[in-house]
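Enquirer: First, the structure itself, so that you have it in front of you.
The values are calculated or read from the model by the stated rules, or taken from the named source; none is laboratory data. Here the structure is a predicted model, which is why all the values come from computation and not from measurement. Please note: Cβ atoms are built from the backbone with ideal geometry, for glycine as well, and neighbour counts cover all protein chains shown.
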Amino acid sequence: MDDHRPTPSAEEDAALSPMVRHQLKRQVMVCTAKSCAANGSEAVLDAFKAQLQEADLLFHKGNRDGEVLCGTCGSVGFCAIGPAVLVYPDGIWYAHVTPADVPEIIESHLQGGVPVERLVRKRLG
């Protein structure tokens, strides 16, 4: 990395990446580390992406108006109780999430603002 290279301005970055100016409401991160993956986190991730896209909520190249960014994360220390799903900016950490839980999380939490308490194991902030 060139330590002498100037950092681009926020305007220059916004021209290159639409994400800079987009007003996302939430970010969903599904742990896909070893233990969560062994418990089915890839299926949970697929369910979130498919159902968010179906509801026209998923932010992606084909829908720059989506309100929710969905992606993966590494281990968050919930290895024994995964798959783990984190929702920000709310700071809600879910455990034991299955694809069958995804519609409830989307409807209750992502659309309604009410976390699914039976799956919540940690709150940040």
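Enquirer: Considering every residue within the stretch 48-57, establish whether at least one is without any contact (Cβ under 8 Å) to a residue 40 or more places away in the chain and either loosely packed, with under 12 Cβ neighbours inside 10 Å or over 26 Å from ASP101 (Cβ atoms) (or both).
Expert: Taking every residue of the stretch 48-57 in turn, at least one turns out to be without any contact (Cβ under 8 Å) to a residue 40 or more places away in the chain and either loosely packed, with under 12 Cβ neighbours inside 10 Å or over 26 Å from ASP101 (Cβ atoms) (or both).
Enquirer: Ok, one more. Can we say VAL87 is in contact (Cβ under 8 Å) with a residue 24 or more places away in the chain, farther than 28 Å from ALA14 by Cα, surrounded by 13 or more Cβ atoms within 10 Å (Cβ to Cβ) and among the β-branched types (Val, Ile, Thr)?
Expert: no
Enquirer: Given the criteria surrounded by fewer than 20 Cβ atoms within 10 Å (Cβ to Cβ), of a type in the set (Gly, Ala, Ser) and part of a loop (DSSP other than H, G, I, E, B), does GLY71 qualify?
Expert: So GLY71 fails the test.
Enquirer: Now a separate question. Hey, among the residues in the stretch 46-75 that are under 30 Å from LEU16 (Cβ atoms) and among the aliphatic types (A, V, I, L, M), which one's nearest to the chain's Cα centre (by Cα)?
Expert: LEU69
Enquirer: Quick check on the stretch 95-125: of everything there that is over 17 Å from LYS25 (Cβ atoms), under 16 Å from the mean Cα position of the chain (by Cα) and charged (D, E, K, R), which residue is surrounded by the most Cβ atoms within 10 Å (Cβ to Cβ)?
Expert: Filtering first and then ranking leaves ASP101.
Enquirer: List every residue pair whose Cβ atoms lie under 6 Å apart, where the two residues are 6 or more positions apart in sequence or sit on different chains, the first residue falls within the stretch 101-125 and is closer than 23 Å to LEU58 by Cβ, and the second residue, located anywhere, is part of a helix (DSSP H, G or I) and of a type in the set (Phe, Trp, Tyr).
Expert: From residues that are closer than 23 Å to LEU58 by Cβ, the pairs are VAL102/PHE48.
Enquirer: Tally the residues that are in a helix (DSSP H, G or I) and in contact with a Gly (Cβ under 9 Å, 6 or more places away or on another chain), restricting the search to the stretch 90-105.
Expert: The qualifying residues number 1.
Enquirer: Of these, VAL87, VAL76, which one is at pLDDT 95 or above and assigned to a loop (DSSP other than H, G, I, E, B)?
Expert: Step by step, each of VAL87, VAL76 is checked, and only VAL76 is at pLDDT 95 or above and assigned to a loop (DSSP other than H, G, I, E, B).
Enquirer: Then there is this: Quick check on this structure: which one of SER17, SER35, SER9 is among the hydroxyl-bearing types (Ser, Thr, Tyr), over 19 Å from PRO103 (Cα atoms) and surrounded by 13 or more Cβ atoms within 10 Å (Cβ to Cβ)?
Expert: SER35
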